[in-house]
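Asks: Questions regarding the structure given below will be posed in turn.
The values are calculated or read from the model by the stated rules, or taken from the named source; none is laboratory data. None of these values were measured; they are calculated from a predicted model. FYI the Cβ positions are ideal-geometry reconstructions off the backbone, even for glycines, and counts take in every protein chain you see. Keep in mind that these areas ignore ligands, DNA and RNA; they rest on the heavy atoms of the full protein, side chains included. Shrake-Rupley method; radii C 1.70, N 1.55, O 1.52, S 1.80 Å.
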Amino acid sequence: MRAPAAMALNRAALMGFAGFLGLLPAPARADDVARIGDKSVHISLEMVEDAVHPGQDLRVKLTFRGEGEGTATIDAGAFLAERFTVRNAKGTPQKPNSGADPMEGLTVVAFDTMERVINLSRSYSRLTKRPGAWEVLWTYGDLRAGPLRIRVTEPYDPGKDLRAVVETDLGTMTWTLMPAQAPEHVKHFVDLVRQGFYDGLTIFKATPGLFAVGGDPNGDGTGGWDRLLPPEMSEAIDMQMGLVGALRQGTSTTSHCIFFILLGPNEYMRGKQTFFARVTEGMEVVARLFRVPSTGETNEADAYTFLEPVRIRRITIRK
């Protein structure tokens, strides 16, 4: 491997272990930029699956993307088990019980992108024995990616996981989930909630009479499109205020995390959008979204964006 210069710490690293303990939402991805020789390379560490449950493999993906001309070479030693630091919820480092699967090195050319998927369960068998929280950091020389905070959670149970309690700065709503209309979206939403994905995110805009939008990790509608979900559209839905849907743009596929809440009846959307929940308690919170100061009608991408986003303090799944 060519001698790299020191890598800048990412936001998750600067925030330290306090975020891992639950003061911040658990990210599904951690990014850094490094110099490898004379080449700048963007490095990301992320979970392969959206959720991991007890007994399943926990796989992570390292992605290397060239930021300019030149070539960067990373040898096979970068992907050994000892290159990963795994800590439990108390901050205790874990020792690998076996080696990682052998892998080849890689070369990143110009603006090319290269990936390596590592099954951490092969080296750290305790990771998915039971529900729990883990922090994963990858280092190789001066290269670094992470820390990535991962929660192993109980799987979705359609007989027990019936409601989502959504605590916001404007008050608390209860969403009744709709698995009959959108089973895969409901399952996916529950998985994200149990990872703490939405805790600390925002509801960031509301178009009067139409819908309010939230749940984007970037906070502006641009960050939830890297993993799309197939549509689950239904004609048999009462199209009233309080329906919760999965946002889509252009096609019928939906964002994996951004949701919207209808702010009034909307027959036009019947059969054209995926709806996975309905507000059944706390409708006054939905009404308060009408009064949040916003940019107004700007005819730009920031139309009706809240001047101060409404924070989602926490979402929990209940019977």
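Asks: For region 207-222, name all the residues that are of a type outside the set (A, V, I, L, M, F, W, C), touching a residue at least 12 places away in the same chain (Cβ under 8 Å) and open to solvent by 20 Å² or more (accessible area, probe 1.4 Å).
Replies: THR207, PRO208, GLY209, PRO217, GLY219, ASP220
Asks: Then there is this: Which one of these does PHE20 not meet: (1) surrounded by 15 or more Cβ atoms within 10 Å (Cβ to Cβ); (2) at pLDDT 50 or above; (3) in contact with a strand residue (DSSP E or B) (Cβ under 8 Å, 6 or more places away or on another chain)?
Replies: (2)
Asks: Separate question: In contact with a strand residue (DSSP E or B) (Cβ under 9 Å, 6 or more places away or on another chain) and assigned to a loop (DSSP other than H, G, I, E, B), is that true of PHE204?
Replies: No: the conditions fail for PHE204.
Asks: Given the residues GLU115, GLU67, GLU82, GLU104, which is the only one that is open to solvent by 30 Å² or more (accessible area, probe 1.4 Å) and in contact with a His (Cβ under 9 Å, 6 or more places away or on another chain)?
Replies: Only one candidate qualifies: GLU67.
Asks: When the residues of region 114-167 are narrowed to those that are small (Gly, Ala, Ser) and assigned to a strand (DSSP E or B), which ends up nearest to TYR198 (Cα to Cα)?
Replies: For region 114-167, the residue satisfying everything is ALA164.
Asks: On the basis of being touching a strand residue (DSSP E or B) at 6+ places or on another chain (Cβ under 7 Å), surrounded by fewer than 20 Cβ atoms within 10 Å (Cβ to Cβ) and within 21 Å of LEU229 (Cβ to Cβ), does THR176 make the cut?
Replies: Answer is yes for this residue.
Asks: Mind checking whether some residue in region 138-149 is aliphatic (A, V, I, L, M) and either open to solvent by 60 Å² or more (accessible area, probe 1.4 Å) or out of contact with any helix residue (DSSP H, G or I) (no Cβ under 9 Å at 6 or more places or on another chain) (or both)?
Replies: Yes; the residues of region 138-149 include at least one that is aliphatic (A, V, I, L, M) and either open to solvent by 60 Å² or more (accessible area, probe 1.4 Å) or out of contact with any helix residue (DSSP H, G or I) (no Cβ under 9 Å at 6 or more places or on another chain) (or both).
Asks: Of the numbered conditions (1) open to solvent by 60 Å² or more (accessible area, probe 1.4 Å); (2) more than 25 Å from GLU49 (Cα to Cα); (3) not aromatic (Phe, Trp, Tyr), LEU228 satisfies every one except a single condition; which is it?
Replies: Answer for LEU228: the failing condition is (2).
Asks: Take the residues in region 282-300 that are without any contact (Cβ under 8 Å) to a residue 40 or more places away in the chain and among the charged types (D, E, K, R), then tell me which one is nearest to VAL166 (Cα to Cα).
Replies: In this case the residue turns out to be ARG291.
Asks: When only residues in region 231-249 that are more than 22 Å from ASP216 (Cα to Cα) and not charged (D, E, K, R) count, which is surrounded by the fewest Cβ atoms within 10 Å (Cβ to Cβ)?
Replies: ALA236
Asks: Can you tell me which residue in region 250-269 is surrounded by the fewest Cβ atoms within 10 Å (Cβ to Cβ), limited to those that are part of a strand (DSSP E or B) and either touching a His at 6+ places or on another chain (Cβ under 7 Å) or not aliphatic (A, V, I, L, M) (or both)?
Replies: Selected residue: HIS256.
Asks: Still on this model: When GLU308 is evaluated against the numbered criteria (1) in contact with a helix residue (DSSP H, G or I) (Cβ under 8 Å, 6 or more places away or on another chain); (2) exposed (fewer than 13 other Cβ atoms within 10 Å of the Cβ), which criterion, by number, is the only one it fails?
Replies: Of everything listed in (1) in contact with a helix residue (DSSP H, G or I) (Cβ under 8 Å, 6 or more places away or on another chain); (2) exposed (fewer than 13 other Cβ atoms within 10 Å of the Cβ), GLU308 misses just condition (1).
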